[in-house]
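One structure is given below, encoded as structure tokens.
The values are calculated or read from the model by the stated rules, or taken from the named source; none is laboratory data. Just so it is clear, the structure is predicted and the values come from calculations on it, not from any experiment. We place every Cβ from the backbone using ideal geometry, glycine too, and count neighbours over all the protein chains shown.
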Amino acid sequence: MRRRLRPALVVLSAGLVVTACGTDGAGPTTSAGDADACPGAVVDVVVSVGQWGDVVEALGGDCASVTTVIGSTAVDPHEFEPTPGDLAAFEEADLVVLNGAGYDSWAADAAGNLDPAPVVLDLAEVVGVEDDEHEDDHAGAERAEEQGGEHAGAEGHGHGGVNPHVWYAPDLVQRAAEAVTTELGGLSPAAAGHFADRAAAWREELAPYLAEIESLRAAAGGRSYAATESVFEYMAEAIGLTDATPEGYRESASNETDPTPGDVAAFESLLRSGGVDVLVHNSQTDGGVPDQLRATAEEAGIPVVEVTESGTERGGSFVDWQLAQLRALSDALARRG
């Protein structure tokens with residue numbers, strides 16, 4: 001590919017080698033492939049956010065060197081401004097994997113400024129969820145309809161009219177993974193068999209996650225939830241929970257604007273009256289109204305399910321992260337009766 005593995009990494013790599021770029025632990029992280037074990041060329045991949053970094057690493061195996069730009073949960077992706085060091089990570093990329101839907105437009109800009117240009121895989125676009133400003137004559141909606149995704153269009157969410165948190169939609173996650181495998185095989189044809197094997201292994205790893213979702217579907221009939229943010233919305237929809245979040249608050253959260261006092265009061269009234277079965281709270285938010293609502297739910301005896309937007313710190317897999325949250329939701333619904 002464009003560059004070979006650095007000698008130090010080749011010497012150390014009996015498997016995957018993880019390095020951190022930057023001194024504060026919040027910079028890009030790299031998981032290097034194994035050139036000796038790969039039957040083809042190692043593909044240099046840059047992934048914008050950690051929610052997808054672990055997935056791409058698992059799919060790439062020995063034949064992908066994967067750099068994740070936002071690899072720490074300490075970084076708020078909504079406030080992220082790339083440093084020169086972050087942008088430098090893109091320079092040798094053969095493949096850039098974006099979440100898309102306006103969530104990481106800085107990464108799309110970085111990839112677009114490269115010459116020669118890498119292959120850019122916009123996962124939200126692949127699965128039919130696009131930021132309005134990037135749609136042309138309803139092309140995105142038509143593509144989504146052709147693909148038959150239940151989340152096509154995803155209207156009513158923030159970030160330009162869509163919900164960008166596509167890693168919380170189990171069907172979209174699987175389709176996105178298929179797209180990653182296809183691009184990797186196209187960039188390193190001799191390693192296509194390796195990538196196919198990695199995809200099969202990842203699907204096996206996904207089995208407990210999918211089984212837990214099916215179990216929750218069976219338990220979710222007639223159950224409702226409210227959420228302090230829209231991050232979990234796709235998963236709640238997949239499970240079959242009814243979203244009872246007051247409309248005014250939901251719109252504010254989706255558009256990342258402050259709710260009105262009336263919206264907050266309506267939410268607190270809902271919780272105090274026991275009008276929902278669980279409250280979904282993003283534990284990566286600090287203080288403010290979300291924590292106020294969390295406290296209100298606890299006082300009212302409403303189970304609180306903690307979710308995170310950015311996954312786990314390095315060492316935890318996508319499946320482990322998602323499965324822990326799903327099991328917490330299952331426990332919460334069971335406690336509610």
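Anything in segment 249-258 that is touching a Gly at 6+ places or on another chain (Cβ under 7 Å) and on the phi < 0 side of the Ramachandran plot? List them, or say none.
Of all residues in segment 249-258, those touching a Gly at 6+ places or on another chain (Cβ under 7 Å) come to 254-256.
Correct list: Ser254, Asn255.
If you check Gly221 against the conditions, is it at pLDDT below 95, more than 27 Å from Asp76 (Cα to Cα), part of a loop (DSSP other than H, G, I, E, B) and out of contact with any Cys (no Cβ under 8 Å at 6 or more places or on another chain)?
Numbers: at pLDDT below 95: yes; more than 27 Å from Asp76 (Cα to Cα): yes; part of a loop (DSSP other than H, G, I, E, B): yes; out of contact with any Cys (no Cβ under 8 Å at 6 or more places or on another chain): yes.
So Gly221 fits the description; yes.
Tell me which residues, restricted to segment 281-323, are farther than 30 Å from Ala201 by Cβ, modelled with pLDDT under 95 and not β-branched (Val, Ile, Thr). Write out each step before concluding.
Just the residues of segment 281-323 that are farther than 30 Å from Ala201 by Cβ, to begin with: 281-283, 285-304.
Now narrow it down to the ones that are modelled with pLDDT under 95: 282-283, 285-288.
Answer for segment 281-323, where residues must be farther than 30 Å from Ala201 by Cβ, modelled with pLDDT under 95 and not β-branched (Val, Ile, Thr): Asn282, Ser283, Asp286, Gly287, Gly288.
Being in a loop (DSSP other than H, G, I, E, B) and among the acidic types (Asp, Glu) is the filter; apply it to segment 11-49 and report the residue that is modelled with the lowest pLDDT.
Initially, segment 11-49 is screened for residues in a loop (DSSP other than H, G, I, E, B), giving 13-16, 21-28, 33-42.
Add one more test, that the residue is among the acidic types (Asp, Glu), and what stays is 24, 34, 36.
Details: Asp24: 43, Asp34: 98, Asp36: 98.
Across segment 11-49, the extreme among qualifying residues is Asp24.
Please give the number of the condition Thr257 fails out of (1) over 23 Å from Ser330 (Cα atoms); (2) of a type in the set (Ser, Thr, Tyr); (3) part of a strand (DSSP E or B).
(3) is the only condition that Thr257 fails.
Conditions (1) farther than 25 Å from Leu59 by Cβ; (2) outside the structural domain of Ala58 (by TED's automatic domain parsing); (3) free of Cβ contacts under 8 Å to residues at least 24 places away in the same chain, marked per residue:
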site	(1), (2), (3)
Val278	yes, yes, no
His281	yes, yes, no
Asp286	yes, yes, yes
Val289	yes, yes, no
Gly301	yes, yes, no
Glu309	no, yes, no
Asp320	no, yes, yes
Leu323	no, yes, no
Ala328	yes, yes, yes
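Somewhere in segment 193-201, is a residue surrounded by 15 or more Cβ atoms within 10 Å (Cβ to Cβ) and within 26 Å of Ser330 (Cα to Cα)?
Quick first cut of segment 193-201, residues surrounded by 15 or more Cβ atoms within 10 Å (Cβ to Cβ) only: 194-195, 198-199.
Imposing the further condition that a residue be within 26 Å of Ser330 (Cα to Cα) reduces the set to none.
Checked segment 193-201: no residue is surrounded by 15 or more Cβ atoms within 10 Å (Cβ to Cβ) and within 26 Å of Ser330 (Cα to Cα).
I want to confirm something. Restricting to segment 260-285 and keeping residues that are among the aliphatic types (A, V, I, L, M) and either farther than 20 Å from Leu333 by Cα or in contact with a helix residue (DSSP H, G or I) (Cβ under 8 Å, 6 or more places away or on another chain) (or both), which single residue is surrounded by the fewest Cβ atoms within 10 Å (Cβ to Cβ)?
My answer is Ala265.
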